[in-house]
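Undergrad: Below is a structure I'd like to ask you about.
The values are calculated or read from the model by the stated rules, or taken from the named source; none is laboratory data. None of these values were measured; they are calculated from a predicted model. A quick note on method: Cβ atoms are made from the backbone with ideal geometry, for glycine too, and the neighbour counts reach across all protein chains shown. To get the accessible areas, we keep the full protein, side chains included, count just its heavy atoms, and leave off ligands, DNA and RNA. Shrake-Rupley method; radii C 1.70, N 1.55, O 1.52, S 1.80 Å.
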2 protein chains.
Amino acid sequence: MRVLDLARRRKTVRKFRPERPPMEDLLKALKAAKEAPSGMNAQPWKFVVVDDEWLKGRIRELCEAEERKFHSKTKGDLMAWLQSEGFRPEKPFLSEAPYLVLVFGHTKAPYWLQSTWIAVGYLLLALEELGLGTVTYTPPNPKPVENLLNVPPQYKLQTILPIGYPADPAPKRGRRRLGEVVSFNGF
Amino acid sequence: MRVLDLARRRKTVRKFRPERPPMEDLLKALKAAKEAPSGMNAQPWKFVVVDDEWLKGRIRELCEAEERKFHSKTKGDLMAWLQSEGFRPEKPFLSEAPYLVLVFGHTKAPYWLQSTWIAVGYLLLALEELGLGTVTYTPPNPKPVENLLNVPPQYKLQTILPIGYPADPAPKRGRRRLGEVVSFNGF
């Protein structure tokens, strides 16, 4: 079963080979994403493809500034986890990946957030099938990037996907067994 | 490209043939869903499979009661759209579909809503590949169903997916062209 194979194979990728994949492949994946269902069929998503080096660098700078603020004020479980995982405010993948895809949602549409993330799910599987890696990176505060791109106020940045050929040796993180997340005729 | 084909082919299904698909197929689709990425790899999802006739009927009753409240107070664009689309408070698919899958999200996990809906995206494509139809139905107020199932307070019902072999003649609703939802190096 193809979807199951792709879902199992797919892992988060934060390091990329420098070669730029064909834009055509990226657009194929976005064609799949835009077929997702949405509340009132409003299709509340907008995808901004960034391959301009200056713009990628600027997005990285803005995100890292917000990450530094976030890291300086985060405590407890989340910080412990971030540290144990080696997370740092630096996000080199934002300038190293050949492409960024910024996903926005139109906040006035019904179920806009849910619909937009279904589309992200479609996109992740499509990218995997094309041999492209990514991570669903979410900046702690999306405002500076929204301002940089003059995004209309009704749209909110949902995630920034750095996209390219994978070069990340980190293995896929384990998932719970089916019996731990599925039950029958009761919670 | 398989994912693109499935994404294009998939349409919302609200009417089902009475035959019950193999539980094995449903579980295959859920195996794909649980492979989705999630914030902190928290895997904040829980899937409740319902094939008990009494329980499906009770879920339908509770949802329809909430739908009647919702319809009696909804006005404006959304109501006009609901009426033009023939939406009614009756949701026969909740008892007619051979299966319901109730998807819950653990609200204490980081990015739980986003992660859960990526998993729903995976699930929709997996179901399509297996020839199974569904609709991402969201009750206007999930509380009564949560109470019925004694759901722990940290979990929230995200959607109820009625699942079975499609018998819905409604065509797929159109999607915008790629150029309307994608832009390059700017919003």
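Undergrad: Just to confirm my filter: which strands (runs of 3 or more DSSP E) fall fully inside region A:72-187 and include at least 2 residues that are within 20 Å of B:Val3 (Cβ to Cβ)? Reasoning before the result, please.
TA: Details: elements: A:99-106, A:155-163, A:182-184.
Those strands (runs of 3 or more DSSP E) span A:99-106, A:155-163.
Undergrad: Right, another one. What do you reckon, is B:Pro89 in contact with a His (Cβ under 7 Å, 6 or more places away or on another chain) and surrounded by 15 or more Cβ atoms within 10 Å (Cβ to Cβ)?
TA: Numbers: in contact with a His (Cβ under 7 Å, 6 or more places away or on another chain): yes; surrounded by 15 or more Cβ atoms within 10 Å (Cβ to Cβ): yes.
Yes, satisfied.
Undergrad: How many residues, within region A:18-38, are open to solvent by less than 60 Å² (accessible area, probe 1.4 Å) and in a helix (DSSP H, G or I)?
TA: Going through region A:18-38 one residue at a time, the tally reaches 8.
Undergrad: Quick one: how many residues across region A:155-164 are of a type outside the set (Ser, Thr, Tyr) and open to solvent by 20 Å² or more (accessible area, probe 1.4 Å)? Spell out the reasoning first.
TA: From region A:155-164, those of a type outside the set (Ser, Thr, Tyr) are A:156-158, A:160-164; that's our starting set.
Right, trim to open to solvent by 20 Å² or more (accessible area, probe 1.4 Å) and you get A:156.
Summing the residues that are of a type outside the set (Ser, Thr, Tyr) and open to solvent by 20 Å² or more (accessible area, probe 1.4 Å) in region A:155-164 gives 1.
Undergrad: Among the residues of region B:67-80 satisfying the criterion of being of a type in the set (Lys, Arg) and without any contact (Cβ under 8 Å) to a residue 24 or more places away in the chain, which is farthest from A:Ser183 (Cα to Cα)?
TA: We begin by selecting, within region B:67-80, every residue of a type in the set (Lys, Arg); these are B:68-69, B:73, B:75.
The next check asks that each one be without any contact (Cβ under 8 Å) to a residue 24 or more places away in the chain; those that pass are B:68, B:73, B:75.
On the way: B:Arg68: 29, B:Lys73: 35, B:Lys75: 38 Å.
Only one residue fits best here, namely B:Lys75.
Undergrad: Here are A:Pro139, A:Pro144, A:Pro152: which of them is in contact with a helix residue (DSSP H, G or I) (Cβ under 7 Å, 6 or more places away or on another chain) and either free of Cβ contacts under 8 Å to residues at least 40 places away in the same chain or surrounded by fewer than 21 Cβ atoms within 10 Å (Cβ to Cβ) (or both)?
TA: On the way: A:Pro139 fails: either free of Cβ contacts under 8 Å to residues at least 40 places away in the same chain or surrounded by fewer than 21 Cβ atoms within 10 Å (Cβ to Cβ) (or both); A:Pro152 fails: in contact with a helix residue (DSSP H, G or I) (Cβ under 7 Å, 6 or more places away or on another chain).
That would be A:Pro144, the only listed residue that is in contact with a helix residue (DSSP H, G or I) (Cβ under 7 Å, 6 or more places away or on another chain) and either free of Cβ contacts under 8 Å to residues at least 40 places away in the same chain or surrounded by fewer than 21 Cβ atoms within 10 Å (Cβ to Cβ) (or both).
Undergrad: Scan region B:168-185 and report the pairs whose first residue is more than 7 Å from chain A (Cβ to nearest Cβ) and whose second residue is outside any helix (DSSP H, G or I) and open to solvent by 90 Å² or more (accessible area, probe 1.4 Å), with Cβ atoms within less than 7 Å and a gap of 6+ or a chain change.
TA: B:Asp168/B:Arg14; B:Asp168/B:Lys15
Undergrad: Something else now. For region B:39-66, give me the residue count where each residue is surrounded by fewer than 15 Cβ atoms within 10 Å (Cβ to Cβ) and not in a helix (DSSP H, G or I).
TA: Total satisfying the criteria: 1.
Undergrad: Which residue, of A:Lys69, A:Lys73, A:Lys15, is under 23 Å from B:Ala36 (Cβ atoms), open to solvent by 50 Å² or more (accessible area, probe 1.4 Å) and more than 13 Å from every other protein chain (Cβ to nearest Cβ)? Steps first, please.
TA: Values: A:Lys69 fails: under 23 Å from B:Ala36 (Cβ atoms); A:Lys73 fails: under 23 Å from B:Ala36 (Cβ atoms).
Matching residue, one of A:Lys69, A:Lys73, A:Lys15: A:Lys15.
Undergrad: Given the structure, is A:Val181 in contact with a Lys or Arg (Cβ under 9 Å, 6 or more places away or on another chain) and crowded, with 17+ Cβ neighbours inside 10 Å?
TA: yes
Undergrad: Name every residue in region B:1-12 that is free of Cβ contacts under 8 Å to residues at least 24 places away in the same chain and open to solvent by less than 30 Å² (accessible area, probe 1.4 Å), in order of residue number.
TA: The answer is B:Leu4, and nothing else.
Quick grid of which residues meet (1) more than 11 Å from every other protein chain (Cβ to nearest Cβ); (2) touching a residue at least 12 places away in the same chain (Cβ under 8 Å); (3) within 16 Å of the chain's Cα centre (by Cα):
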| site | (1), (2), (3) |
| --- | --- |
| A:Glu61 | yes, no, no |
| A:Ala65 | yes, yes, no |
| A:Leu82 | no, no, no |
| A:Gly86 | yes, no, no |
| A:Glu90 | yes, yes, no |
| A:Tyr99 | no, yes, yes |
| A:Val120 | no, yes, yes |
